[in-house]
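Following this message is one structure expressed as structure tokens.
Every read-out reported here was derived from the displayed coordinates using simple, explicitly stated rules and does not represent laboratory data. Treat the numbers as computed from the prediction; the structure is a model and nothing was measured. Every residue, glycine among them, receives a Cβ derived from its backbone with ideal geometry; neighbour counts consider all protein chains shown.
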Amino acid sequence: MAANWKMNKLIREAEEYVEELLPKISGAEGVDVAIFAPFTCLPEVVRSTRDTAVLAGAQNFYYEDSGAFTGEVSAPMLLDVGAGVVIVGHSERREIFGETDEAVAKKTARAVSAGLLPIVCVGETKEERDAGSMWEKVSGQVRAVFEQVDAGGIGGEAIVFAYEPVWAIGTGETATPEDAQDAIGRIRGLLGELGGESFAEEVRILYGGSIKPGNVDDIMVQKDVDGGLVGGASLEVASFAELVNGAAMGSDDS
Ligand code: PGA
């Protein structure tokens, strides 16, 4: 279960959040938890989650390691601060900041080679879904990643995908559990074509888009859905803790 704080929280707020969260999720065994913080409070999240199973991550980085790239942060810099995971190609990066499939692929390749676990986001807009081109868009985004990453050369545990339909992000509108399963099942099928069956089985694929305690269970029980990338509902400790604990109960059942 991954918390994407987006452009929210000051250092003090991050510290208080983690302090409050940790005891609330201490019983949630079998669930990997990650917090994707803004760069400014990432060191605080790293510090306060040290010696716990919670992973601290960044929401973006640039694929070059150093140089004249004003405003950017590199993979070695993230490792230096103690981050282990990073979101790549979030739809807000693609839509607002014009990140291309090629840039997303290069970032993914650099994260993998640097030993950072990338969560690669893919998803279609409302117009694309309505036009019946969801799969064309999503499969194109997934294929583009593997133009830079050798699926046969990495283990499935080295990469995570998140299917996040753009129309469901921050809108309160969630994909139906069946829509989530349909897209994620097809992504897994495509990963099988690209990297073989065991690769496809190992890769974790998350759903994201208006997840909240009230709708998460029906999505998480879907066969191919391995977890959630949560924006709005991750900002409050109570709702994020509920999501983590709910996922722990779900994994007990299976
Ligand atoms: P949301 O965001 O949960 O607020 O829809 C999800 C995301 O963008 O990762």
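Taking the number of other C-beta atoms within 10 Å as the exposure measure, put M134, M220, M1 in order starting with the fewest.
Listed from fewest to most nearby Cβ atoms, that is M134, M220, M1.
7 Å from Cα along Cα→Cβ at both K212 and E178: what's the point-to-point distance in nm?
2.4
So if each residue of separation counts as 0.36 nm, and I subtract the Cα-Cα distance between R204 and T171, what length gain in nm does that give?
9.4 nm
Taking other Cβ within 10 Å of each residue's Cβ, how do I211, I96 sort, fewest first?
I96, I211
How many nm separate the modelled label positions at E15 and S133, each set 7 Å beyond the Cα in the direction of the Cβ?
If labels sit at E15 and S133, their model points lie 5.0 nm apart.
Same structure again: Between S66 and D150, what length in nm is gained on full extension when 0.36 nm per residue of separation is reduced by their alpha carbon distance?
Length gained, S66 through D150: 27.8 nm.
Figure the gain on full extension for V221 and S26 (residue separation times 0.36 nm, minus the Cα-Cα span) and round it to one decimal in nm.
Values: separation 195, 0.36 × 195 = 70.20 nm, distance 2.23 nm.
Extending this stretch completely gives an extra 68.0 nm.
If every alpha-carbon in segment 50-146 counts as one equal scatterer, what log10 I(q)/I(0) does Debye give at q = 0.14, 0.17 1/Å?
The computed values of log10 I(q)/I(0) come out as -0.55, -0.76.
Still on this structure, please answer the following. Over the Cα atoms of the chain, compute the convex hull volume and normalise it per residue, giving Å³.
Convex hull volume per residue, Cα atoms: 118 Å³.
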